[in-house]
Amino acid sequence: MPNFDLAAVLTDEFRGWLLDGFLLSIELTAITWLIALPLATFIALCRLSSVRVARGLGFALVEGFRNIPLLVQLLFWYFAVPELLPEALRSWLYEHDAEIVCAVAGLTFYTAAFMAEDIRSGIRAVPVTQLEAARALGFSFLASMRRIVLPQAVRIIVPPLISQTLNLWKNTSIATVIGTAELMYQAQRVETASFRGVETFTVVTLAYLAVSLLITALSVWFQRRFPVRAP
Amino acid sequence: MKPTQALIIAAGMAAVFLSPVAFSDQLADIRKKGELVCGVLGTDEPMSFIDPATRTLVGYDVDLCQVVARKIGVPAKVKQLAVAARIPELQQGRVDILSATLTHTKEREAVVDFSLHTFITGQKVMVRRDSGIAKLAQLAGKKVVTVKGGTQEPNMRKAVPTVDVVTFETAPQAFVALQQRKAIGFVNDEVSLFDAYGKLGAAQKDYVVLPESISVEAIALGLRKNEPALKTLVNDALRELEASGAAEKLFFKWFGPNSRLKYGQRSFKIDSDRI
C-alpha cells in the first residue's frame with residue numbers, strides 16, 4: 001500500500017460523518033433488539049402452543065422471514081410496504097424518517113424469526129416431563145412456562161440470543177440500500193468524497209469488529225457465569 | 001564487492017522493481033488482451049441503459065466506448081458499474097476506461113485522468129408540483145433524493161447547505177422514492193432528469209424541473225493516471241469524431257428531436273479538457 005493514510009479519512013468533517021453513522025448503527029441495533037425479543041418470544045410460544053392456528057402462524061412467520069434474503073426484505077419494507085398503508089399513516093411515515101422506521105421494521109422481523117427458533121429450541125431442551133409435572137401439580141400452561149420451564153430454558157437460550165444480536169449488529173449495514181444513514185452509508189459518503197476506499201473501510205471494519213468482539217465477550221462471560229445445569 | 005559489481009546488481013534490482021511501472025503501457029496491454037473493457041452505468045438513460053428489445057447495453061457512453069475500441073483496433077466490451085464503484089474499479093484495473101457519465105472535477109484529477117469533455121450538462125432538481133417549490137433556495141430544510149457516489153450530493157449541499165439529502169444505489173431507485181412522495185425533490189444530471197421526466201407520460205403535470213442548475217458538469221471519459229499513450233489515442237479518437245461530424249450525429253441520435261429529450265441543438269463541442 002504505497003500511500004496508506006488514515007488521517008485523510010479522519011479529518012473533523014469525515015470523522016463527524018462516520019461517528020453519526022456509528023451512533024445510528026448502534027441505535028438501530030438497540031431499538032430493533034428491544035422490539036424483536038418480545039416478538040420472538042411470542043412467535044416461539046405460538047409454535048409451541050397446542051392451538052393449531054397459533055402453531056401455523058408461528059411457522060409462517062419464522063419460515064417466511066427466515067428464508068428471504070434480508071436485502072430483499074429491506075427493499076420490500078421501504079419501497080413496497082408503505083405504499084400499502086392508508087394515506088394518513090403513509091404521509092406521517094414519510095415526514096418522520098421513513099428510512100429509519102423501515103430499516104427497523106425489516107431488521108426486527110428478520111431477527112425475530114431467528115431468535116424465535118433459538119427460544120423455541122431452548123424451551124424444548126427442558127425435558128417435557130418438567131412441564132407435565134407442573135401441569136399435574138395444577139399450574140396453568142402459562143404459569144408452568146413462567147415458573148418452571150422458562151427459568152431453566154433461559155440459561156440455554158441466552159448464548160444463541162447473543163449470537164443473534166451479533167448478527168443483528170452486522171446486518172444493520174444492509175440498511176444503506178434504503179438510504180438509512182448508518183455506518184456503511186456514511187462510509188460510502190466518505191469514500192466518495194476522499195477517494196480513499198482502503199482507509200475508509202479499514203476504519204469501518206475496525207468499528208464493526210470492535211462492537212462485534214464486545215458482544216462475543218458478553219456471550220463468553222454469560223456462559224461462564226451461568227452454565228447450563230443438567231436437570 | 002567491487003563498486004562496479006554493486007552497481008550492476010543495483011541496476012539489475014532497479015530494473016526488476018521498476019520495470020513494471022516504468023515500461024508498462026496500458027495501451028499495449030489492451031492490444032495484447034484483444035479487447036477494451038469500458039465501465040458504464042447502465043442505469044442512466046440515454047447515456048447507458050439496457051435496451052428492452054435486445055437486452056443489451058446501449059447509449060451515448062456505449063457508442064463512445066466503441067469509438068475508442070475501433071481506434072485501438074480491438075472489440076469493445078462494456079461492464080456495468082455502480083456510480084460509487086466507478087473510480088475504484090478503474091484504479092484496480094477491472095475496467096480499462098470509464099465511459100460512465102463521469103464528471104470532471106479538480107478533486108478527482110488527483111486519482112484519475114480525464115479525456116476531452118464528451119458532454120456538458122447541468123445538474124438540476126425535479127420537484128413535485130404540489131410542493132409549491134419554484135426556486136432552489138426553497139429546498140432549505142427539505143428532503144431530496146439522489147444516487148450515491150456521484151457529484152450530485154456534494155453539489156446539492158453546496159447549492160443549499162441545509163438541505164437533507166438521502167442517497168440510493170441507483171438513480172432510478174431515487175426517482176421511485178420521489179414518486180412515492182418520500183422526498184420533495186430528485187437531483188440528477190439534466191439529461192437523465194429530463195429523460196426521467198419524459199418517461200412520466202401523463203404524470204408529467206405533477207412534476208416540475210427547477211430552472212436553476214445546481215452546477216454545470218463537464219462529462220469525460222475516465223482513464224487511469226499516467227497512461228500517456230492511451231490518453232493520446234483516446235483524445236485523437238474523440239477529435240476525429242468531432243472533425244468528421246460523427247460526434248454531432250451521435251449527439252442527435254441519443255438527445256435529438258427523435259429522442260425523448262428532444263434537444264434542438266448541441267451547445268458544446270468535444271474540444272476541451274479544461275474545467
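Exposure proxy shown here: for B:Phe49, A:Phe42, the number of other Cβ atoms within 10 Å sets the order, fewest to most, as A:Phe42, B:Phe49. In this structure, A:Arg15 and A:Thr205 have a Cβ-Cβ separation that, at R0 = 25 Å, corresponds to a calculated FRET efficiency of about 0.95.
Sorted largest first, the spans of the alpha carbon positions of region B:41-104 along the three principal axes are 33, 29, 20 Å. Relative contact order of chain B: 24 percent, from C-alpha pairs under 8 Å at least 6 residues apart in sequence.
Each Cα pair under 8 Å and six or more residues apart adds its separation to the average, and for region B:158-275 the resulting relative contact order is 19 percent. Averaged over the residues of peptide B:141-152, the number of Cβ atoms from other protein chains lying within 10 Å of each residue's Cβ is 2. Model label sites at A:Arg66 and B:Glu35, defined 7 Å from Cα along the beta-carbon direction, differ in position by 4.3 nm.
Taken along the Cα-to-beta-carbon direction at a fixed 7 Å, the label points for A:Leu23 and B:Ala203 span 3.6 nm.
For region B:105-187, the direction-averaged projected area of the alpha-carbon convex hull comes to 6.2 nm².
I'm a student and want to see the number: the projected area of the Cα convex hull of region B:134-275, averaged over all directions, in nm². Mean projected area of the Cα convex hull: 10.2 nm². Grouping the Cα pair distances of chain B into 5 Å bins from zero gives a pair-distance distribution of 1, 6, 11, 16, 16, 15, 11, 8, 5, 4, 2, 2, 1, 1, 1, 0, 0, 0 percent in increasing distance order. Here the spin labels are modelled as points 7 Å beyond Cα on the Cα-Cβ line, and at A:Glu87 and B:Lys249 they lie 5.4 nm apart.
If you look at the Cα atoms of the protein assembly as shown, you get an Rg and a Dmax of 28.7, 100 Å. The distance separating the Cα centre of region B:20-99 from that of region B:132-170 comes to 30 Å. Working note: Karplus 6.51/-1.76/1.60 with θ = phi - 60° gives region B:85-93 the couplings 8, 4, 5, x, 5, 5, 5, 8, x Hz, where Gly and Pro are set to x. Per residue of peptide B:165-173, the mean number of Cβ atoms on other chains within 10 Å of the residue Cβ is 4. Reported to the nearest whole Å, the Cα centre-to-centre distance from region A:68-110 to region A:153-231 is 22. Relative to one another, the C-alpha centroids of region B:210-275 and region A:8-50 are positioned 46 Å apart. Charge tally for B:Lys182 (other residues, Cβ to Cβ under 9 Å; Lys, Arg +1; Asp, Glu -1): +1. Per-residue Karplus couplings for region B:105-110, computed as 6.51 cos²θ - 1.76 cosθ + 1.60 with θ equal to phi - 60°, are listed in order as 10, 4, 4, 5, 4, 5 Hz, Gly and Pro entered as x. As a proxy for reagent exposure, ranking B:Phe119, A:Phe59, A:Phe79 by other Cβ atoms within 10 Å from fewest up yields A:Phe59, A:Phe79, B:Phe119.
Coordinate-derived values only; no laboratory data. For clarity, every value in this text was computed on a predicted model and none was experimentally measured. Don't worry about glycine lacking a Cβ; one is built from the backbone with ideal geometry, like all the others, and counts go over all protein chains shown.
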